[in-house]
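One structure below.
The values are calculated or read from the model by the stated rules, or taken from the named source; none is laboratory data. Here the structure is a predicted model, which is why all the values come from computation and not from measurement. Every residue, glycine among them, receives a Cβ derived from its backbone with ideal geometry; neighbour counts consider all protein chains shown.
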Amino acid sequence: MTLPLALETAALGKTFGRTRALDGVDLAVPAGTVFGVIGPNGAGKTTLMRVLLDVIRPSSGEARVLGSDPRTGGPALRRRIGYLPGELRLEGRITGRALLNYYAGISGEVRPGSADRLAERLGLDLDRRVGTLSKGNKQKLGLVQAFLHEPELLVLDEPTSGLDPIVQQEFLALLREARDRGQTVFLSSHVLSEIQQAATDVAVLRAGRVITVSTVDALRQTAIRHVRAELEGVTAEGARRVLTGIPGLSALELSATPSPRLTASFTITGPIDGCVKALAGFTVAELVVEEPDLEESVLRLYHDGETR
Amino acid sequence: MSAPFPLLRRSLGDSWRSLIGWSAGIAAALFLYLPLFPSLGGAGSQMAKLINTLPPQLIKALGYAQITTGGGYTESTFYGLIGFVLIVIAATAWGSAAIAGDEESGGLELTLAHAVSRTRVAVERGLSVLLRLAWLALLSGLLVGALNGPSALGLGLPGIVAVSAAYLGLGTLSATTALAVGASTGRRVYATGAGAGIAILGYVLNAIGNQQKSLEVLRAWSPYGWAYRHTPLVHGADWAGLALLYGTSAVLAVVTVIALRRRDIAG
């Protein structure tokens, strides 16, 4: 069974002068998923999103958003989308509330009280003038206008930039609720930690091309974990002999501190199970396994993409 | 939530402060110049004597040849000079800000990402500029009418209506030029240059055309000439001139819509 796609691109290309911003992008985002696109600055994330909103027009290839070509979908299509631009610039004497009223007037039906509910959750004062808001508060206002009309598709370009950690958590909650309601979220980031908590699928974009598409779980499988264990009653040689047999182990360092313990630090690529089993043969005084860092695994993908 | 013309209302809401400023400027100019006419005007007045001492080329360039009549005085001091400058600057500033300025400040992208067509954005914002300019022309006409008696200008209503239409036409032309260039390039500086440029070019062509009969034809190519060469305040509407002013503006309005629809918008 094939899931309906919220958005789809085929060989999508965009050229600015002599720069190829998008170089044949093929993507398929199933409806109801939170789909992340990650890549360094200049990879084409923003260009891709602006093509989907018909702010700019592709030079080649095709895009379909909620079943329509963005080029011909017009206002009826954009009514079903909520968009947060990557470089959100909000200015003027207008208050946040008046600005949201304006955007509500040119988008889909807005439920009464939605603006206040969203603003309260993100901790945003809607009665302040937009021009006086900090970068983080402007970003919150941008998020509110994107979520305001509960669109079928949310296109969010670097949504957490400028948000403090607590607001980021609230934003992630908003994403989960949106997904639970059946909304599709297409978001970009160069901060991978943001993707790994929110997204189910990830596309890695580099130099205008999709290098890989993967689920976050699959990325986790290849993830690199940093492990530090303090062992008792074992010599360095004895520990080394056992530990080097662990699958996926690298960067092993042993030191005889804090005495009389032996500290082993290493990284594990892939499943952690073999490591746990091997350590169980020792007397473990202390064990720290860090949250897998998807950033490292994806950076490796970047690297493979470059050398391929 | 679904009140009509959201873009138009936002545009007017954002600009009422500036509109008050321009209204005050126009009122100040009229209250400064027109009441001086009784003490300056008339064939044997000091003003007439002063003007007789000026080089004839300068008088013609400034359009001061008829300054000793109420209609000539009002046209040369206000509609043809300070009022012209004020409405051209206002029209150019508003026309440049409406599309190109909003694009440069990053607002246009987000507006266009909503459920509005580019045609609608161009039309509602153009209409907003036109409404503000119409207010300035109306205010000028009302104040000239109010000062007509006290300042002994001897103007008739048809003349005031005719000159107001020509005055608004000049403002509209600069505004639509700025809109069209702004919609084509997305650059505020080009839009401003074009809006002000067409006004300056028109003024210069008209001033040169005034110098002698053989150059008179230049005035036919000058928007300023289309507006004022037949002294509408005295002689009534110059329908051909008005048709040229508003016809050219209409073409530029269409160019604005087409250009904005075709182009990539800068973020």
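Observations on the model:
- Helices (runs of 4 or more DSSP H) (entirely within segment B:106-200) containing at least 1 residues that are within 14 Å of another protein chain (Cβ to nearest Cβ): B:107-112, B:118-148
- Note on segment A:146-177: residues that are under 22 Å from A:Gly105 (Cα atoms) and either outside the structural domain of A:Lys45 (by TED's automatic domain parsing) or in a helix (DSSP H, G or I) (or both) amount to 2.
- Number of positions in segment B:67-105 that are within 14 Å of another protein chain (Cβ to nearest Cβ), part of a helix (DSSP H, G or I) and surrounded by fewer than 20 Cβ atoms within 10 Å (Cβ to Cβ): 1
- Conditions (1) in contact (Cβ under 8 Å) with a residue 12 or more places away in the chain; (2) over 36 Å from the mean Cα position of the chain (by Cα); number of the one not met by A:Ser255: (1)
- Lone qualifier among A:Leu187, A:Leu219, A:Leu231, A:Leu141 - being surrounded by 22 or more Cβ atoms within 10 Å (Cβ to Cβ) and in contact with a Phe, Trp or Tyr (Cβ under 7 Å, 6 or more places away or on another chain): A:Leu231
- Scan of segment B:223-267 for residues that are buried (at least 21 other Cβ atoms within 10 Å of the Cβ) and hydroxyl-bearing (Ser, Thr, Tyr), ordered by number: B:Tyr224, B:Tyr228, B:Thr231, B:Ser249, B:Thr256
- All conditions in (1) in a helix (DSSP H, G or I); (2) crowded, with 22+ Cβ neighbours inside 10 Å; (3) within 21 Å of the chain's Cα centre (by Cα) hold for A:Gly136, with the sole exception of (2).
- When the criteria are applied in full, A:Ile81 fails the requirement of being buried (at least 18 other Cβ atoms within 10 Å of the Cβ), under 30 Å from A:Leu133 (Cα atoms), free of Cβ contacts under 8 Å to residues at least 60 places away in the same chain and of a type in the set (A, V, I, L, M).
- Selection status of B:Ser39, among the hydroxyl-bearing types (Ser, Thr, Tyr), in contact with a helix residue (DSSP H, G or I) (Cβ under 9 Å, 6 or more places away or on another chain), surrounded by fewer than 15 Cβ atoms within 10 Å (Cβ to Cβ) and within 14 Å of chain A (Cβ to nearest Cβ): no
- Qualifying residue in segment A:207-215 (condition: over 17 Å from A:Gly44 (Cβ atoms) and crowded, with 20+ Cβ neighbours inside 10 Å): no
- Taking segment A:1-47 as the range and being over 20 Å from the mean Cα position of the chain (by Cα) and either charged (D, E, K, R) or closer than 15 Å to A:Gln183 by Cβ (or both) as the test, the residues that pass are A:Leu3, A:Pro4, A:Lys14, A:Arg18, A:Arg20, A:Asp23.
- Considering residues of segment A:84-133 that are more than 9 Å from every other protein chain (Cβ to nearest Cβ), in contact (Cβ under 8 Å) with a residue 12 or more places away in the chain and small (Gly, Ala, Ser) only, the residue surrounded by the fewest Cβ atoms within 10 Å (Cβ to Cβ): A:Gly131
- Exactly one residue out of B:Ser117, B:Ser105 is more than 30 Å from B:Met47 (Cα to Cα), out of contact with any helix residue (DSSP H, G or I) (no Cβ under 8 Å at 6 or more places or on another chain) and of a type in the set (Ser, Thr, Tyr): that is B:Ser105.
- Condition met for A:Val155 (within 26 Å of the chain's Cα centre (by Cα) and modelled with pLDDT of 95 or more): yes
- In summary, helices (runs of 4 or more DSSP H) completely within segment B:220-267 and bearing 2 or more residues that are out of contact with any strand residue (DSSP E or B) (no Cβ under 7 Å at 6 or more places or on another chain) and within 14 Å of another protein chain (Cβ to nearest Cβ) occur at B:239-262.
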